[in-house]
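Q: Please find one structure pasted underneath; my questions will follow.
The values are calculated or read from the model by the stated rules, or taken from the named source; none is laboratory data. Source: prediction; values computed, not measured. Glycine also receives a Cβ, built like all others from the backbone with ideal geometry; neighbour counts cover every protein chain displayed. Ligands, DNA and RNA are excluded from the accessible area calculation, which covers all protein heavy atoms including side chains. Shrake-Rupley method; radii C 1.70, N 1.55, O 1.52, S 1.80 Å.
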Amino acid sequence: QVQLVESGGGLVQPGGSLRLSCAVSGSIFSINAMGWYRQAPGKQRELVAATSSAGSTNYADSVKGRFTISRDNAKNTVYLQMNSLKPEDTAVYYCNVGVVRYYNDYVHDYWGQGTQVTVSS
């Protein structure tokens, strides 16, 4: 079994910063891509940022230059540093990872429980 624990959400004023963390534990042989998605009320879930096992990254256009995704492979943890936050960044943020649980296993897709980010004055 694999568990994802997210932390770091909260209420912040426009222009402020937050750092999200997602720690992966359990039966892990390796972790492939790690990413963050978000879903605002009445909207579809969308990709915010992702990083591959090789360290390449990609971002939604709406967050480029403001958000930074990073990973600590030793800790099986992915981070999302969010700066210059805007009210339109308000959403539930979900961690998503691809986990290989043992040698020759295929990649399994796992989601975190979600953490609320609210940007408001």
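Q: Per residue, how much accessible area does the chain show when a 1.4 Å probe rolls over the protein heavy atoms, in square angstrom?
A: Using a 1.4 Å probe on heavy atoms only, each residue of the chain averages 53 Å².
Q: Separation between the Thr68 and His108 pseudo-spin-labels, each 7 Å from Cα along Cα→Cβ, expressed in nm?
A: Placing both labels 7 Å beyond Cα along the Cβ direction yields 3.3 nm.
Q: Ala60 label point, 7 Å along Cα→Cβ, cut-off 20 Å on backbone N: hits in region 68-104?
A: 68-71, 78-98
Q: Also, quick follow-up: Using modelled backbone amide H atoms (1.01 Å from N, in-plane), which distant-in-sequence or interchain residues come within less than 5 Å of Ser53's amide H?
A: Ala33
Q: Still on this structure: What accessible surface, in Å², does a 1.4 Å probe find on Arg45, ignoring ligands, DNA and RNA and rounding to the nearest 10?
A: For Arg45, the solvent-accessible surface is approximately 90 Å².
Q: Give me the percent relative contact order of the chain, please, defined on Cα pairs under 8 angstrom at least 6 residues apart.
A: Numbers: 302 pairs, mean separation 43.1, N = 121.
About 36 percent, as a whole number.
Q: In region 1-117, what percent of the accessible surface is made up of carbon and sulfur (1.4 Å probe, ligands and nucleic acids excluded)?
A: After summing per-atom areas, the C and S share lands at 48 percent.
Q: Follow-up question, since we're still on this one. Per 0.36 nm of contour for each residue apart, how much would the distance between Ser25 and Gln44 grow if the chain were fully extended, relative to their Cα-Cα spacing?
A: 4.1 nm is the gain from fully extending Ser25 to Gln44.
Q: Under 24 Å from the Cα of Lys64, which lysines turn up, not counting those fewer than eight places away in the same chain?
A: Within reach: Lys43, Lys86.
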